[in-house]
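A quick write-up on the structure given underneath.
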Amino acid sequence: MKHEDSTILNKYGKDSGFKVPENYFADFNKRMADMLPDVEITPIDVKPTMWQRVRPLVYLAAMFAGVWCMMSVFNMLNGSGDMNSVRAVAEKLSDDKGNVEDFIMSGSVSDYDILNYEDSVAMSNEENVSDVDQSK
Amino acid sequence: MAAREKYDEAQVIEQLRNQATCKVAFGKVIEHYSSQLYWQIRRMVIDHDDANDVLQNTFLKAWTSIDNFRGDAKLSTWLYKIAINESITFVNKKKAMNQMSIDDEESFLVNQLESDEWFDGDEAQINLQKAIASLPEKQRLVFNLRYYDEMKYDEMSEILGTSEGALKASYHHAVKKIEQYLGETG
């Protein structure tokens, strides 16, 4: 690939023509290190913050919450799943049981039914007796 | 001859944070970065003695503010930032002292080049330096960092605080202007 600076590079190269005195860098490094004034270094406080301490736990909890949400959504989208059928049956049974209990607890309804039943039986018996008398 | 100790930046940064070892560690930093920082400064200020002064100021400034370096950025990025700021400040001060306008900057830098005893470039190299001197300050900086130091745009972006796209555009314009300048001057 042709670089945009290849024309300059081919003609002029990378030597800028600048020079330094002999041993300049070795001398400079020594001179510079010797002239450094004393400075006070403040040690960095490495004690972790509250957030840094609880962060892994928060991330873990968030991950579990995410997995739980995903599973809920998955189950909702696949409504005919085994677990759902079992749960639906259990709820239905629970509802039926409630109705039966309500029925048993409601005594007046039960008595009325019983009286009606006794009346109808008695009337039927009377009709049978009168039929027998007429035939005699 | 004793083998030169390998430079381990992470270890040096650790030592810089310790009062007992920071001075020795900074000596290692000087040894490792003096050459590359010098050449960047030299291409901006041209004259060797000026480059020497600016390099010295760069390391002194870095050392006195070492407590502010927390290791968030690379040490080289931090040092380059200081060196570039020092170079620009120096050139502007010198221009102000000589009461020069922006238009005179090119001739000022060329004069610096011709009077520098530590420049022994041929005609072509003088022409290239004149062409670079004709660029605006930012383009000159970008061109030097890219052309001579082969610095990557992402690193340059961190140092100069400019987007990579803008730096690429700057370099492109710089190359075109230099080619045009060299074409006109022969």
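Here are some notes:
- Filter result (more than 9 Å from chain A (Cβ to nearest Cβ) and of a type outside the set (D, E, K, R)) within the stretch B:29-47: B:VAL29, B:HIS32, B:TYR33, B:GLN36, B:LEU37, B:GLN40, B:ILE41, B:MET44, B:VAL45
- Subset of the stretch B:1-28 [more than 10 Å from every other protein chain (Cβ to nearest Cβ) and under 13 Å from B:LEU79 (Cβ atoms)]: B:GLU9, B:VAL12, B:ILE13
- Cβ-Cβ under 6 Å pairs, at least 6 apart or on other chains, the stretch B:119-134 side more than 9 Å from chain A (Cβ to nearest Cβ), far side at pLDDT below 90: B:LYS130/B:VAL110; B:ALA133/B:GLU106; B:ALA133/B:LEU109; B:ALA133/B:VAL110; B:SER134/B:GLU106
- You will find that of B:LYS176, B:LYS81, B:LYS94, the residue that is more than 18 Å from the chain's Cα centre (by Cα) and either within 14 Å of chain A (Cβ to nearest Cβ) or surrounded by 14 or more Cβ atoms within 10 Å (Cβ to Cβ) (or both) is B:LYS176 and no other.
- Test: residue in the stretch B:49-56 that is out of contact with any strand residue (DSSP E or B) (no Cβ under 9 Å at 6 or more places or on another chain), over 19 Å from B:PHE119 (Cβ atoms), outside the structural domain of B:LEU141 (by TED's automatic domain parsing) and modelled with pLDDT of 90 or more: yes
- Residues satisfying the stated conditions in the stretch A:10-29, i.e. more than 8 Å from chain B (Cβ to nearest Cβ) and either at pLDDT below 85 or closer than 15 Å to B:TYR147 by Cα (or both): A:ASN10, A:GLY13
- Filtered by the rule that a residue be of a type in the set (Asp, Glu) and out of contact with any Ser or Thr (no Cβ under 9 Å at 6 or more places or on another chain), the stretch B:152-181 gives a lone residue, B:ASP154.
- Among the residues of the stretch B:120-143, those identified as buried (at least 17 other Cβ atoms within 10 Å of the Cβ) and either of a type in the set (Gly, Ala, Ser) or outside the structural domain of B:TYR171 (by TED's automatic domain parsing) (or both) are B:GLY121, B:ALA131, B:ALA133, B:SER134.
- Restricting attention to the stretch B:136-173, the residues being of a type in the set (Ser, Thr, Tyr), more than 9 Å from chain A (Cβ to nearest Cβ) and part of a helix (DSSP H, G or I) number 3.
- Of all the residues in the stretch B:158-173, those that are buried (at least 16 other Cβ atoms within 10 Å of the Cβ) and touching an Asp or Glu at 6+ places or on another chain (Cβ under 9 Å) number 1.
The values are calculated or read from the model by the stated rules, or taken from the named source; none is laboratory data. Model, not experiment: these values are computed from the prediction. Using ideal geometry, Cβ is built from the backbone for each residue, glycine included, and neighbour counts are taken over all protein chains shown.
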